[in-house]
Amino acid sequence: MFRFFRSTENQRLVARLLRESFREHRAGYGAAILSMLVVAGMTAASAWILREITNEFVIDKRIDRVNQIALAVAGIFIVKGIANFVQAYFMSRVGNAIIADRQRKIYDRILAQGIEFYHSTSSSDLITRMTNNAQAARNVLDLIVTSYVRDLVTLVALIGVMVWQQPALSLICFVVGPLAIYGVNRILKRVRKFAAMEFRSVGQIVQVMQETAIGVRVVKSFNLEGLMRKRMYRAVADVEDRANNIAALEAVTSPVMETLAGLAIAGAVMVSGLLVLQGGQMPGNIMAFIAALLLAYEPAKRLARVRIALESGIVGVRMMFQLADEPLTLAEKPDARPLLAGPGEIRFDAVSFAYQNGPPVLEGFDLTLAPGKMTALVGPSGGGKSTILNLIMRMYDPKSGQVLLDGQDISHATLASLREKIAYVSQDTFLFAGTIMHNIRLGREGATDEEVIAAAKAANAHDFIVAQAKGYETDVGENGGLLSGGQRQRISIARAMLRNAEILLLDEATSALDAESEALFRDALQQLTEGRTTIVIAHRLSTVHQADTIVVLEAGKVVESGPHRSLLKQGGLYQKLYEYQLMP
């Protein structure tokens, strides 16, 4: 058992887990450990009392001791039962609290990460770590506490009884113990390998299930059920195989321990019987020794197998701490301060940026977005339009240069103060589980029902909402799956309108709207953008005619800039794009 801690990494992981968990739950652990010590003492006492029963009743015929010994026996088992209850109660309470604590900490760390982290980490992996790794942390702590307190102390107490009664026979334990440890150590490396593979296979199950649920329309329309079924069956079979491998390895310890224990007990019974028959020992002493030996078997077996369980659980703990220690891809500076109020001018000053391991998107990029005006960003795909919005929201930091809001470098501002000033509508509309009212109200916490309805009307969403059976209390389904694409988009627009922010970012906000809804939205947009800094990305140029300035981007460079009519007269890229869209 102790060889598990010879690994420096295992020592570090367990020490950290104990340090972070025991401090918060020391009262619960204290009560559980105290109860375990009582259980260990009562187990040893139950073996010891057999000596008194045999010697006093069977040999000496002491009728006067019946009541005393009977009360002692009853007391031992009553106290042991109460202590077992207290131990189980507090271990369960503390264990559940540890799972909840670890899940909160894992989620907080994931939430603190920047967008780049999510691009390089699969959501199925995050879900697996959130659930399985937190459970693994609890399992490891439970094993350590129960093994090193209850089982180890119980075993030591019973060995004490054995040595006190029969020192010579007790040597059997010291012969059997090393043999059992040697047998268990032979299989530990394979357990560690299979446990790591099992965690990865569970992640594959989650991934396939996610893709099936989210992409169900694609799965069914392309007849991909067979392919997805094969992927799921393969992942399930992998988990089953790994679990069977671990179970088989764990099961190997049972016959080893049973054989060694059987030989030890048989030898002890044989020698003890000879000693009694020869009159060299009192029967009560022999009975107490054999009882202690039999009672020591179970805790000894659990201790022999605990390393296997610890090796399996420590894989999950390692993965959990790897996530907790993952450097933040984007973080506030220690001296970050809230942004000061201003008119809303946004300026890119010599900004260079590239996505992870990708080519440069912007190089030495300069652009000023006028405060209180609408600026449209247009141009071919890959020109850097969405990147500009991402940098304004500080989803990423530029590799060099500055993004300034009213002359303040946003990288030195608190993220909360920056994003409070921004309302964002994406072309990839996302709705949260819940009702339509709930989803719109997320734009501004505490908004009244009347304000939510006003925002929905401005986004041309009110009519379709009230046509639903439950109106604003209609459930949208997972990611808005119970609504059409256009309906989801209008709810997203209403959410942004409710936010009433100083800066409005619209990334293909009308891409899912029909022509009539788009025309109504353009009318509402005039009211919404009045006095606000608005940046619009649009491929349908009909949506940007009313912009104060249209910035034409190509390959990360500004190639043209000006109002709609002026750009048409220049006969450049904007005119070509515009005429191309007019072609039948």
For the range 38-45, Karplus-derived ³J(HN,Hα) couplings (6.51, -1.76, 1.60; θ = phi - 60°; whole Hz; x for glycine and proline) come out as 5, 4, 4, x, 5, 5, 5, 5
Here the gain from full extension of residue 399 to residue 454, 0.36 nm per residue of separation minus their alpha-carbon distance, amounts to 15.7 nm
By the mean-Cβ-within-10 Å protection proxy, highest first, 337-343, 478-484 rank as 478-484, 337-343
Here FRET efficiency (C-beta to C-beta, residue 539 to residue 105, R₀ 41 Å, nearest 0.05) is 0.45
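What FRET efficiency would be calculated for the residue pair residue 92, residue 519, taking the C-beta separation as r and a Förster radius of 51 Å, to the nearest 0.05?
In this case the efficiency is close to 0.25.
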For the range 411-425, Karplus-derived ³J(HN,Hα) couplings (6.51, -1.76, 1.60; θ = phi - 60°; whole Hz; x for glycine and proline) come out as 6, 9, 9, 5, 4, 5, 5, 5, 6, 5, 8, 10, 10, 10, 10
Distance in nm between residue 341 and residue 526 label points, each 7 Å along Cα→Cβ, equals 2.9
Packing-ranked peptide list from 377-384, 69-76, highest mean Cβ count within 10 angstrom first, is 377-384, 69-76
In whole Å, largest first, the alpha carbons of the range 450-584 cover along the principal axes 52, 36, 25
The set of residues whose placed amide H lies less than 5 Å from the amide H of residue 377, leaving out same-chain residues fewer than 5 positions away, is 536, 537, 538, 551
If 42, 228 are placed from fewest to most neighbouring beta carbons inside 10 Å, the sequence is 228, 42
Here the gain from full extension of residue 69 to residue 575, 0.36 nm per residue of separation minus their alpha-carbon distance, amounts to 171.7 nm
Ordered by fewest other Cβ atoms within 10 Å, a rough proxy for footprinting exposure, 126, 528 read 126, 528
In vacuo Debye sum over C-alpha of the range 380-522, base-10 log of normalised intensity I(q)/I(0) at q = 0.11, 0.18 Å⁻¹, listed in q order, is -0.45, -1.03
Put in order of increasing Cβ neighbours within 10 Å, starting from the fewest, 48, 164 give 164, 48
Taking a straight Cα-to-Cα line shorter than 25 Å from residue 220, and setting aside same-chain lysines fewer than 8 residues away, one finds 230
The size of the Cβ-based charge dipole (Lys, Arg +1; Asp, Glu -1) of the range 346-582 about the Cα centre, to the nearest 20 debye, is 280
Applied in sequence order to the range 428-435, the curve 6.51 cos²θ - 1.76 cosθ + 1.60 (Karplus, θ = phi - 60°) yields integer Hz couplings, x standing for Gly and Pro, of 8, 5, 10, 10, 8, 4, x, 8
Here the gain from full extension of residue 467 to residue 130, 0.36 nm per residue of separation minus their alpha-carbon distance, amounts to 117.4 nm
Amide H proximity to residue 344 below 5 Å, modelled H, separation 5+ or other chain, gives 406
In the neighbourhood of residue 333 defined by beta carbon distances under 12 Å, the net charge of the other residues (Lys, Arg +1; Asp, Glu -1) is -2
Pairs over 28 Å Cα to Cα, from 421/576; 399/557; 457/576, come to 421/576; 457/576
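Since every read-out is calculated from the coordinates, none of them should be taken as a lab result. What you are looking at is a predicted structure, and each value in this text was computed from that prediction instead of being measured. Positions of Cβ are generated from backbone atoms using ideal geometry, with glycine treated the same way; all protein chains shown enter the neighbour counts.
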